[in-house]
Amino acid sequence: MTLPGYIRIFLLLTLIFISTGASGQILSLKQLEAQRKAALEEIASTQQLLNETSSLAKNSLNRLNLISEQILARKKVILLLNQEIALIDRNLTAMNSELTTLEKDLHNQRQQYVHALQNMQRRRSSQYKWLFILSAENFTQSFRRMRYLHEYAEWRKQQAKQIVYKQEVIKQKQTEMEETRAEKLALLDDRERESSLLQKEESTQKNEYRQLDRKRKSLQEQIDRKKKQAEELNRQIERLIASEIDHSTKDNSVSRKADTAGGYAMTKEEKTLSDNFASNRRRLPFPLTGKYKIVTAFGEHRHPFEKRVTVKSNGIDIQTVSGTEAQTVFQGVVTKIFVVTGGFGVIVRHGNYLTIYINLSETYVKTGDRVAVREKLGKIFTNPETGETILHFEIRKEKDALNPELWLD
């Protein structure tokens, strides 16, 4: 026999209330947990890079940058843990309120059911039923009384089913609350552990910063040396690009046309390649695979430890693990392989766009090679004294340097 309409509606609304309330919380908790896992993966990646550096690299600028990144990621993890715990607290409060309401409803329903049973007990005999039916004034009233007795008996059965159902709901809710409390305790343990690690990392940062501060003179010399190297590298790259532009304008073997006055004169094929490169902005693959950390950003910015000093980079410096290979970010032609301090640099042309890969210990390509996207160009140099493996990467249009982070996926 089917349930009466009002009972079906009650059960449906109860299930909807329970399921929607829980699913909303679970979705939010899952999102926070996913963000926390991503931050922990970032910490693990940075830690591997720190482990790659030797003891001689302590108090170096790159190492301090990595530690600073580690601390920021650790703080993010703790913030996300706090948000998860707060969300669970709200969830527990809502569960407790819902459980109290369910228990109150169950108590009232039980009382009604007991009262109904007591009334039926007094009127249980078949003689009473027949007297109740036959004492009617007419046949229609007798029929109504018979239907009333039948519906009353059915109502009692449904009341019993509702009581059993509510008991199961309460039991499930109590189990859910216990699981949520256990989850909260686990998150509290995670927060305590992450806080302890954060204190250690901040202590390490302060200690290494003090060591650098004592060596302020050598630090300034290191900054000046890197600045000169960057300026010389930029002049070298600009000379190479200027040479290519000059050669393209003098090449009469094929029809060429520059997009801008004084720019690189392109063939139709190179023009198509240039347009394709431009259309892939923010979708280019990273110039290496595996774990990495950007330790120097593009453009002018204040030095992280010498606030009075402004540094400029025409690209980004990417620290990775020893043995990592550089790879192309787009199809093109290798136009230059040149020597730089510590290794080699490779220029790949994509029409009037260029990608530049600096600090390779060996190269797998030669000038004139056509390369596909993600093709290996060479192994990135690892400094034997510090253990640091850093690729300098640039994107240029003609001679103008572009921010690689705005082009990479």
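Odds and ends about this structure:
- Here Ser243 clears all of (1) hydroxyl-bearing (Ser, Thr, Tyr); (2) in contact (Cβ under 8 Å) with a residue 60 or more places away in the chain; (3) under 29 Å from Phe381 (Cβ atoms) except the condition numbered (2).
- Taking the criterion of being modelled with pLDDT under 80, of a type in the set (A, V, I, L, M, F, W, C) and loosely packed, with under 14 Cβ neighbours inside 10 Å, the residues of the range 23-52 that qualify are Ile26, Leu27.
- Reported count of residues in the range 383-399, each being modelled with pLDDT under 95 and in a strand (DSSP E or B), is 2.
- Residue ID - surrounded by the most Cβ atoms within 10 Å (Cβ to Cβ), chosen from residues in the range 376-401 that are of a type in the set (D, E, K, R) and under 14 Å from Gly342 (Cβ atoms): Glu388
- Just so you know, in the range 217-245 the residues that are at pLDDT 80 or above and among the small types (Gly, Ala, Ser) include one that is farthest from Leu354 (Cα to Cα), and it is Ala230.
- Residues located in the range 248-303, provided they are open to solvent by less than 20 Å² (accessible area, probe 1.4 Å), under 16 Å from Arg396 (Cα atoms) and not in a loop (DSSP other than H, G, I, E, B): Ala265, Met266, Ser274, Phe277, Leu284, Gly299
- If you check Gln236, Gln229 for being touching a residue at least 60 places away in the same chain (Cβ under 8 Å), over 19 Å from Val348 (Cβ atoms) and either polar (S, T, N, Q) or in contact with a helix residue (DSSP H, G or I) (Cβ under 8 Å, 6 or more places away or on another chain) (or both), only one passes: Gln229.
- Test for Val373: is it open to solvent by 50 Å² or more (accessible area, probe 1.4 Å) and either more than 28 Å from Thr249 (Cβ to Cβ) or not in a loop (DSSP other than H, G, I, E, B) (or both): yes
- Scanning the range 339-365 for residues that are surrounded by fewer than 15 Cβ atoms within 10 Å (Cβ to Cβ) and either within 19 Å of Gln236 (Cα to Cα) or of a type outside the set (D, E, K, R) (or both), we see that the one that is modelled with the highest pLDDT is Ser361.
- When the criteria are applied in full, Gly345 fails the requirement of being under 24 Å from Phe381 (Cβ atoms) and either out of contact with any strand residue (DSSP E or B) (no Cβ under 7 Å at 6 or more places or on another chain) or assigned to a loop (DSSP other than H, G, I, E, B) (or both).
The values are calculated or read from the model by the stated rules, or taken from the named source; none is laboratory data. Nothing here was measured: the structure is a model prediction, and the numbers come from that model. So basically every Cβ, Gly included, is an ideal-geometry build from the backbone, and we count neighbours across all protein chains shown. For the accessible areas, the whole protein counts, side chains as well, though only heavy atoms, and no ligand, DNA or RNA atoms are used. Shrake-Rupley method; radii C 1.70, N 1.55, O 1.52, S 1.80 Å.
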